[in-house]
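The values are calculated or read from the model by the stated rules, or taken from the named source; none is laboratory data. Everything numeric in this text was worked out from a predicted model, so none of it was measured. Cβ sites come from the backbone with ideal geometry, for glycine too, and all protein chains shown count toward neighbours.
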Amino acid sequence: MRGALPELKLNQGDATESRAYYCAHFVAAELGMFAEEGVAVSFRTVCGESGSTILGAQIPAVIDGTADLAIGGPMLLMRMAEEGDHRLVAFCGAVAANPWVLVAAGPQPNFSFTDLRGRTVRDIARIGTATLAFTWLLRRHGLWPDAVRLEPGSGDELADIAAVASGALDYGLHSLHALGTAVAEGRVALVADLAPLTGPIPWSAYIARPERLAEAPLAFAAFTRAIARALAWIAGTNAADVATLVEPRYPALSAHGLRRAIAGYKLSGTFAPDPRVPRADHDRFATILSEAGWLRAPVPYEAVFATPRADIPKR
């Protein structure tokens with residue numbers, strides 16, 4: 001009789017955040033890919049209380065062993081490595097482009113980044129990675145820090161979106177899935193997808209402690225194989241079917257908003273094509289974060305990423 005599968009506990013951080021670009025592990029779970037590859041994965045929503053940018057969110061649960069892995073931004077690991085802290089590595093890619101977009105009250109078919117000169121942009125979520133990437137783009141277009149008013153979100157996302165829809169605000173900056181319903185319903189118009197403007201970067205990845213990877217190589221290899229299959233399935237499946245599969249996992253998002261978001265993420269290459277994170281993408285991201293002031297200098301690839309061991313066969 002076959003024994004129980006080894007289990008990995010995946011911490012997603014804040015339970016109130018519905019990040020549709022993280023759906024690969026839900027696809028793997030719903031389609032039985034984790035079990036088929038030889039691992040059981042349970043999902044946790046443990047959020048750290050630390051006020052530190054680095055040690056807040058989902059990271060502390062991995063460090064203290066409450067969770068085996070988390071999904072999050074490699075930019076945190078870059079800063080940790082710069083400060084001599086090597087307790088975590090990213091081992092499996094998930095999000096390979098900037099999932100943030102700009103919206104306005106109406107369509108702007110000939111929009112250029114220079115159109116932002118003299119305008120106000122509401123940074124609705126004020127997520128560190130997104131804000132840094134946006135200010136980097138503004139700087140590259142000669143607009144930062146003086147030519148654009150970038151103001152933080154009010155804390156009421158619906159009110160902020162309504163202010164953009166009414167024209168009280170010039171532009172809103174947020175993730176596509178957070179704006180998907182308003183875009184799908186025509187209340188705001190998508191004027192710029194920031195993925196192609198920022199270029200390919202490892203926005204999010206699965207993160208673990210190096211010693212935990214060494215302790216359970218079969219389980220983590222199985223996890224990585226399942227994520228590879230899930231990413232391939234997302235790439236080869238129409239957005240409506242992907243959304244239908246994962247919709248129960250995103251109760252805070254409307255069905256048509258989720259479909260709109262997944263379609264946009266597929267089109268922009270936001271979902272990683274496979275778990276491998278190209279060195280060139282890391283180097284680009286590290287340069288962006290350095291130029292944006294997050295890092296003193298670009299951090300080497302090896303300080304952040306471990307080679308995914310999807311090649312380890314099932315027992």
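Meeting the requirement of 2 or more residues that are touching a strand residue (DSSP E or B) at 6+ places or on another chain (Cβ under 8 Å), the helices (runs of 4 or more DSSP H) wholly within the range 201-315 are 210-215, 217-236, 255-268. Quick one: is VAL121 of a type in the set (A, V, I, L, M) and touching a residue at least 60 places away in the same chain (Cβ under 8 Å)? No.
Kindly establish whether ARG229 is charged (D, E, K, R), at pLDDT below 95 and on the phi < 0 side of the Ramachandran plot. Against the criterion (charged (D, E, K, R), at pLDDT below 95 and on the phi < 0 side of the Ramachandran plot), ARG229 does not qualify.
Screening the candidates ASP160, ASP193 for the property of being more than 30 Å from LEU5 (Cβ to Cβ) and either in contact with a His (Cβ under 9 Å, 6 or more places away or on another chain) or surrounded by 24 or more Cβ atoms within 10 Å (Cβ to Cβ) (or both) yields one hit, ASP160. Apart from one condition, LEU289 fits all of (1) at pLDDT 95 or above; (2) under 25 Å from LEU190 (Cβ atoms); (3) crowded, with 18+ Cβ neighbours inside 10 Å; (4) among the aliphatic types (A, V, I, L, M); the exception is (2).
Looking at the range 211-224, can you tell me whether even one residue there is of a type in the set (Phe, Trp, Tyr) and farther than 22 Å from TYR265 by Cα? Yes - at least one qualifying residue is present in the range 211-224. If a residue has to be of a type outside the set (Asp, Glu) and assigned to a strand (DSSP E or B) to count, how many in the range 157-193 make the cut? Number of matching residues: 9. Taking strands (runs of 3 or more DSSP E) as the structural unit, those lying wholly within the range 86-155 and holding at least 1 residues that are more than 22 Å from the chain's Cα centre (by Cα), surrounded by fewer than 23 Cβ atoms within 10 Å (Cβ to Cβ) and not assigned by TED's automatic domain parsing to the domain that holds PRO210 correspond to 100-104, 120-123, 149-152. Using the structure shown, decide if ALA243 is crowded, with 18+ Cβ neighbours inside 10 Å and either over 19 Å from LEU197 (Cα atoms) or assigned by TED's automatic domain parsing to the domain that holds ILE161 (or both). Yes; evaluated as a whole, the condition is true for this residue.
Yes/no matrix, rows are residues, columns are (1) more than 19 Å from the chain's Cα centre (by Cα); (2) within 20 Å of ALA40 (Cβ to Cβ); (3) basic (Lys, Arg):
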position	(1), (2), (3)
PHE223	no, yes, no
ALA235	no, no, no
ASP241	yes, no, no
GLU247	no, no, no
LEU253	no, no, no
LEU258	no, no, no
LYS266	no, no, yes
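Restricting attention to the range 1-19, the residues that are modelled with pLDDT of 95 or more and either part of a helix (DSSP H, G or I) or touching a Lys or Arg at 6+ places or on another chain (Cβ under 8 Å) (or both) total 2. Considering the range 235-285, the residues that are among the hydroxyl-bearing types (Ser, Thr, Tyr) and touching a Ser or Thr at 6+ places or on another chain (Cβ under 7 Å) include one that is farthest from VAL304 (Cα to Cα), namely SER254. Test ASP64 against the stated conditions and say whether it is among the charged types (D, E, K, R), within 20 Å of ALA208 (Cβ to Cβ) and modelled with pLDDT under 95. Answer is yes for this residue.
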